[in-house]
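Structure, as structure tokens:
Nothing in this text is a laboratory measurement; each read-out follows from the coordinates by a stated rule. These numbers were taken from a predicted model, which means no experiment stands behind them. All Cβ positions, glycine included, derive from the backbone under ideal geometry; neighbour counts span all protein chains shown.
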Amino acid sequence: GIQVEQSPPDLILQEGANSTLRCNFSDSVNNLQWFHQNPWGQLINLFYIPSGTKQNGRLSATTVATERYSLLYISSSQTTDSGVYFCAVTETSGSRLTFGEGTQLTVNP
Amino acid sequence: GAGVSQTPSNKVTEKGKYVELRCDPISGHTALYWYRQSLGQGPEFLIYFQGTGAADDSGLPNDRFFAVRPEGSVSTLKIQRTERGDSAVYLCASSLWADYNEQFFGPGTRLTVL
């Protein structure tokens with residue numbers, strides 16, 4: 001099956017800093033989603049982005065499908081951005097999401 | 001409801017018992033998915049339904065796990081003869097259709113097998 005690798009595994013920032021999270025995947029995909037898992041375990045949809053670039057407030061994402069990677073940018077980070085960020089993809093042959101191991105982000109005040 | 005709902009939010013059971021976990025998808029969503037998340041890991045796929053039928057159940061770990069969606073809306077995940085290794089958060093998601101569609105997750109059911 002498809003492999004999804006996220007980096008870095010852990011990231012510690014000071015409030016106000018910017019960051020880039022990366023997601024590499026091993027095969028063609030028809031769906032790519034970025035999620036934020038909050039401290040209560042809820043997976044919050046950030047982006048549905050199988051290709052191209054999207055922006056939502058302080059967050060933006062870019063997926064380069066031909067090169068099999070996606071980037072999530074967080075600008076002017078806030079303490080409420082803390083949590084685990086997951087990238088998940090769907091292979092072209094199916095509908096299941098395959099998740100990466102996540103990036104644990106800690107934003108200190 | 002506005003989002004995916006799951007009940008119960010927490011379930012504690014004893015080894016060997018039977019449990020049922022319920023998922024209520026977003027209204028109008030035809031595809032429903034079950035995932036399982038262990039501590040410190042990303043969610044792992046179990047099964048998904050398109051309508052009433054299980055379109056892919058290849059993620060179910062063994063025959064103690066079974067899921068149904070008899071009317072194409074609410075789904076129940078059933079686990080027989082629970083084992084301590086079944087302890088995890090069970091997540092449900094739904095999407096408008098199975099392919100090329102964004103999945104939305106419920107809050108999960110935390111299952112603890114003593």
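The mean sequence separation of alpha-carbon pairs under 8 Å and at least six residues apart, normalised by the residue count of the stretch A:4-108, gives a relative contact order of 38 percent. Counting Lys and Arg as +1 and Asp and Glu as -1, what is the net charge of the other residues whose Cβ lies under 13 Å from the Cβ of A:Cys87? Charge balance near A:Cys87 sits at 0. When +1 charges are put on Lys and Arg Cβ atoms and -1 charges on Asp and Glu Cβ atoms, the dipole computed for the stretch B:5-113 relative to its Cα centre reaches about 500 debye. Shown here for the stretch B:1-108: chymotrypsin sites (Phe, Trp or Tyr not before Pro) in loop regions (DSSP other than H, G, I, E, B) with at most 16 other Cβ atoms within 10 Å, namely B:Tyr18, B:Trp97, B:Tyr100. Among B:Gln41, B:Gln103, B:Gln80, the largest mean-square fluctuation in a Gaussian network model of chain B, built with springs joining Cα atoms closer than 10 Å, belongs to B:Gln41. With K and R counted +1 and D and E -1, the other residues having a Cβ less than 12 Å from that of B:Pro8 yield a net charge of +2. Summing charges over neighbours of B:Tyr18, with a neighbour being any other residue whose Cβ is under 10 Å away from its Cβ, gives +3 when K and R count +1 and D and E count -1.
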